Amino acid sequence: MRKLQIAGFLDNSLVNGSGLRSVVFVAGCRHNCKGCHNLAMQDFKYGDNVNIKDVFFRIKKNIPLIKGVTFSGGEPFEQANGLKNLATMIKGEKLNIWCYTGYTFEYILKNLKANDGWEGLLYSIDVLVDGRFDINKMKDAIKYTGSSNQRIIDVKESIKKNKVIILKT
Ligand code: SF4
């Protein structure tokens, strides 16, 4: 996979994860959450079809300012193969990776082998913000989440300990 369907890009953001980060928004999502804040990005054809290397070069221009990169959307796990390749390049620069997903961590683990690229992508991620956006649970949402059902998960620790470990932010 050499290309990604990109819906948007932020060079520097402080609200999509811990520290200053570049953010890659991918196009396409089937979760159809009520009150979706990125409605246009649900369309798999939205935005531009971009070479992964070009996305990486844009990220690289923000080094050393940024602490990491965040994958958002849309649904990043719909373009898992491409994002996994991008993640490998990002990891080469010693940057951490956050990823937002409408799937739960448990669902991803359960379906890891059945979906192309999911395993590679999950193992590249440091922090996963999981779960669909729930418009009825916005009130108690913590920083970096949209609704209180979403969790900020330390992926490496969770895999190691075989249980969900919430990241202290
Ligand atoms: S997961 Fe995100 S992009 Fe997808 S429908 Fe829900 S809020 Fe919208």
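From the list Asn62, Asn49, exactly one residue is of a type outside the set (A, V, I, L, M, F, W, C) and in a strand (DSSP E or B). Which is it?
On the way: Asn62 fails: in a strand (DSSP E or B).
Of the residues listed, the single one that is of a type outside the set (A, V, I, L, M, F, W, C) and in a strand (DSSP E or B) is Asn49.
Here are some conditions: (1) of a type outside the set (Lys, Arg); (2) more than 16 Å from the ligand (Cβ to nearest atom); (3) in contact with a strand residue (DSSP E or B) (Cβ under 6 Å, 6 or more places away or on another chain); (4) open to solvent by less than 50 Å² (accessible area, probe 1.4 Å). Asn49 meets all but one. Which one does it not meet?
With (1) of a type outside the set (Lys, Arg); (2) more than 16 Å from the ligand (Cβ to nearest atom); (3) in contact with a strand residue (DSSP E or B) (Cβ under 6 Å, 6 or more places away or on another chain); (4) open to solvent by less than 50 Å² (accessible area, probe 1.4 Å) applied to Asn49, the lone miss is (4).
Does Gly8 meet the test of being within 16 Å of the ligand (Cβ to nearest atom), in a strand (DSSP E or B) and either in contact (Cβ under 8 Å) with a residue 24 or more places away in the chain or touching a Leu at 6+ places or on another chain (Cβ under 6 Å) (or both)?
Details: within 16 Å of the ligand (Cβ to nearest atom): yes; in a strand (DSSP E or B): yes; either in contact (Cβ under 8 Å) with a residue 24 or more places away in the chain or touching a Leu at 6+ places or on another chain (Cβ under 6 Å) (or both): yes.
Yes: the conditions hold for Gly8.
Hey, can you tell me all the residues within the range 57-67 that are surrounded by 14 or more Cβ atoms within 10 Å (Cβ to Cβ) and closer than 17 Å to Gly8 by Cβ?
Listed by number, the residues that qualify are Arg58, Ile59, Asn62, Ile66.
Quick one: which residue in Leu122, Leu128 is under 19 Å from Cys33 (Cα atoms) and of a type in the set (A, V, I, L, M, F, W, C)? Break it down into steps so the answer makes sense when it comes.
Values: Leu122 fails: under 19 Å from Cys33 (Cα atoms).
Exactly one of Leu122, Leu128 is under 19 Å from Cys33 (Cα atoms) and of a type in the set (A, V, I, L, M, F, W, C), namely Leu128.
The values are calculated or read from the model by the stated rules, or taken from the named source; none is laboratory data. Worth saying up front: this structure is predicted, and the values here are computed from it rather than measured. Ideal geometry is used to build each Cβ from the backbone, glycine not excepted, and the neighbour counts take in all protein chains shown. Quick note on the areas: whole protein, heavy atoms, side chains included, nothing else; ligands and nucleic acids left out. Shrake-Rupley method; radii C 1.70, N 1.55, O 1.52, S 1.80 Å.
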